[in-house]
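Engineer: This is the structure I want to talk about, given as structure tokens.
The values are calculated or read from the model by the stated rules, or taken from the named source; none is laboratory data. Just so it is clear, the structure is predicted and the values come from calculations on it, not from any experiment. Cβ placement follows ideal geometry from the backbone for every residue including glycine, while neighbour counts extend to all protein chains displayed. Protein only, heavy atoms only, side chains kept; ligands, DNA and RNA dropped before computing areas. Shrake-Rupley method; radii C 1.70, N 1.55, O 1.52, S 1.80 Å.
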Amino acid sequence: MAVITEAAIRELAARRGERAPITSCYLDVDGRRVARHKDLEHEVEVLLKGAKAQANGEASVQTDLNRIERLVRSGLDRSHVRGLAIFACSADELWRVIELPVPVHTRVVINHVPAVGQLESVLREHEPIGVLLADRQRARMFVFELGELVERSELFDELPRDTGARGERDRGGDHPHASEAHTQAHLRNAAQVAFEVWGEHRFEHLAIAAPDHLAGQLEAELHPYLRERLSGRLTVPVTANHGEVLAAAEEVEAAVERRRQAKLVDRLRMAVAAGRRGTAGLAEVVDALNEHRVDVLLVSKGFAAPGWRCRGCDRLAAIGRRCRGCSGEMDEIDDLVEDVVEEALAQACQVEICAGNADLDVMGRIGALLRY
Ligand SMILES: [Zn+2]
């Protein structure tokens, strides 16, 4: 799986549909959500049918949508792929399929520019993580990006003969000073390896896995750039296999993500309290969205609530049935939250689905930081 980079997203974002609109299609293909391929095919069929109606007979877009349908029908290897981002414009010979190890919000956008918002949020939510494992003679350094190993380095500083196997268990060998000096030098080397790897492949967060009596010393040896990226200690042994290290790294990633979102929710709470550039509650957020004032949308995971959509102008509302935009009639919809997320993505807002954030739940499970 090719790792998607910010540069690749920027390059994509610069594309324009010169001869025809660009079709952007995100598919949640997470096998944990939809296990049977037949069910996934059906879901995509329904999605694309709606998109075809929207395409208004535009030949290039029709070709794009048919090609996407064929891609899904041909079968997908979903063992590592949980999300797909597809960008197509047959008239301009654009066809990019980006496989993602994380799920995305299923949708199709047909516009003269590609809809890269969700790709950006995937990158934002999955910053590269470094993991440094060490004991008294070994050190291993990994960098994971989007659940994939992108860099690794190993170091072995054999213990001095005298301290050998006995010394390793710190039973107070015959030469405690020699052993101590060796450990110190080894941890310094390990910190150096970590810094070299960081030079090769930047990571935003670093987790340390080392026995308790070494971890503090190892952290002290780290270059200040790395020390400020410390995001927690792991309990995996230095000999852990690749899968175990990745699982531990994913825990770090989830914790980092919760902290990042908690900061946003804090900002929201203060903005709402101050009555400036923040609003909470479904009705309030819908109003702000209708006025194109939303910068960051925050939603508690699993939140759903009924609401209304205008038949004439597509305006959303928490309370119907008369549209406040065009005075037309509104239709009741099962889940207004789903439409709010969709609309926010269409407006290129940053969308954050927050899991287990009690502060956001208290504020009505939805809120928005506003542009003004
Ligand atoms: Zn209306």
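Engineer: For the stretch 191-330, restrict the atom set to alpha-carbon positions and state the Rg and Dmax in Å.
Structural biologist: In order Rg, Dmax, the Cα atoms of the stretch 191-330 give 23.4, 70 Å.
Engineer: While we're here: Which value results for Rg/Rh of the stretch 104-158 when Rg is the Cα radius of gyration and Rh the Kirkwood radius based on the inverse mean 1/r?
Structural biologist: Reported Rg/Rh (Cα atoms, Kirkwood Rh): 1.30.
Engineer: What are the extents of the Cα atoms of the stretch 56-134 along their three principal axes, in Å, largest first?
Structural biologist: Largest first, the stretch 56-134 extends 60, 28, 21 Å along its Cα principal axes.
Engineer: Keeping all protein chains in place, calculate the accessible area per residue for the chain (probe 1.4 angstrom), answer in Å².
Structural biologist: 51 Å²
Engineer: Rg (Å, one decimal) plus Dmax (Å, integer) for the alpha carbons of the stretch 1-79?
Structural biologist: In order Rg, Dmax, the Cα atoms of the stretch 1-79 give 14.5, 39 Å.
Engineer: Taking only Cα atoms of the stretch 276-372, what ratio of Rg to Rh do you get with Rh as the Kirkwood inverse-distance radius?
Structural biologist: Using only Cα positions, Rg/Rh for the stretch 276-372 is 0.96.
Engineer: Among the lysines, select those whose C-alpha is under 28 Å from the C-alpha of LYS38, and discard any that sit fewer than 8 residues away in the same chain.
Structural biologist: List returned: LYS49, LYS52, LYS301.
Engineer: For the chain, take the longest principal axis of its alpha carbons; what is the angle in degrees between that and the long axis of helix 176-200, to the nearest 10 within 0 to 90?
Structural biologist: Between the helix axis and the principal axis of the chain, the angle is about 30 degrees.
Engineer: Could you size up the charge dipole of the chain around its Cα centre, putting +1 on the beta carbon of Lys and Arg and -1 on that of Asp and Glu, and report it in debye to the nearest 20?
Structural biologist: Around 740 debye, computed over the chain.
Engineer: Still on this structure: Kindly state, as a whole number, the per residue volume in cubic angstrom of the convex hull around the alpha carbon atoms of the stretch 1-47.
Structural biologist: 118 Å³
Engineer: Farthest toward the dipole's positive end in the stretch 278-359, which of CYS326, LEU297, TRP308, given Cβ charges of +1 (Lys, Arg) and -1 (Asp, Glu) about the Cα centre?
Structural biologist: The one lying farthest along the dipole's positive direction is CYS326.
Engineer: Classify the stretch 1-142: rounded, prolate or oblate, from the alpha-carbon gyration tensor (a ≥ b ≥ c, eigenvalue square roots; a/c under 1.5 rounded; otherwise prolate if a/b is larger than b/c)?
Structural biologist: Cα axes put the stretch 1-142 in the oblate bin.
Engineer: Mind listing the phi-derived Karplus ³J(HN,Hα) values for the stretch 98-112, rounded to whole Hz, using 6.51, -1.76 and 1.60 with θ = phi - 60°, and x for any glycine or proline?
Structural biologist: Karplus-based 3J(HN,Hα) across the stretch 98-112 equals 10, 8, 10, x, 10, x, 10, 8, 4, 5, 10, 10, 10, 7, 7 Hz.
Engineer: Ok, one more. With a point put 7 Å past each Cα toward its Cβ, work out how far THR5 is from SER327 in nm, to one decimal.
Structural biologist: Between THR5 and SER327, the label points sit 5.7 nm apart.
Engineer: Which value in deg cm²/dmol, rounded to the nearest 500, describes the helix-derived mean residue ellipticity at 222 nm for the chain, given -39,500 (n - 2.57) per DSSP H run of n ≥ 4 and division by the residue count?
Structural biologist: -13000 deg cm²/dmol
Engineer: Which three extents, in angstrom, do the Cα atoms of the chain have along their principal axes, listed largest first?
Structural biologist: Ordered largest first, the chain gives principal extents of 88, 51, 36 Å.
Engineer: How are the alpha carbon pair distances in the stretch 98-257 distributed across 10 Å bins from zero to the largest one, expressed in percent?
Structural biologist: That works out to 10, 36, 27, 15, 7, 3, 1, 0, in percent per bin.
Engineer: Considering all projection directions equally, how large on average is the shadow of the alpha-carbon convex hull of the stretch 314-370, in square nanometres?
Structural biologist: Dividing the Cα hull surface by four gives the mean projection, 4.8 nm².
Engineer: How many Å³ per residue does the convex hull of the Cα positions in the stretch 198-275 occupy?
Structural biologist: Dividing the Cα hull volume of the stretch 198-275 by its residue count gives 130 Å³.
Engineer: Ignoring ligands, DNA and RNA, what percent of the accessible area of the chain is carbon or sulfur (1.4 Å)?
Structural biologist: For the chain, the apolar C and S fraction of the accessible surface comes to 47 percent.
Engineer: Can you pull the Kirkwood radius for the stretch 24-70, inverse mean 1/r over Cα pairs, to one decimal in Å?
Structural biologist: After inverting the mean inverse Cα-Cα distance, the result is 11.4 Å.
Engineer: Follow-up. What is the Cα convex hull volume of the stretch 45-101 when expressed per residue in Å³?
Structural biologist: 76 Å³
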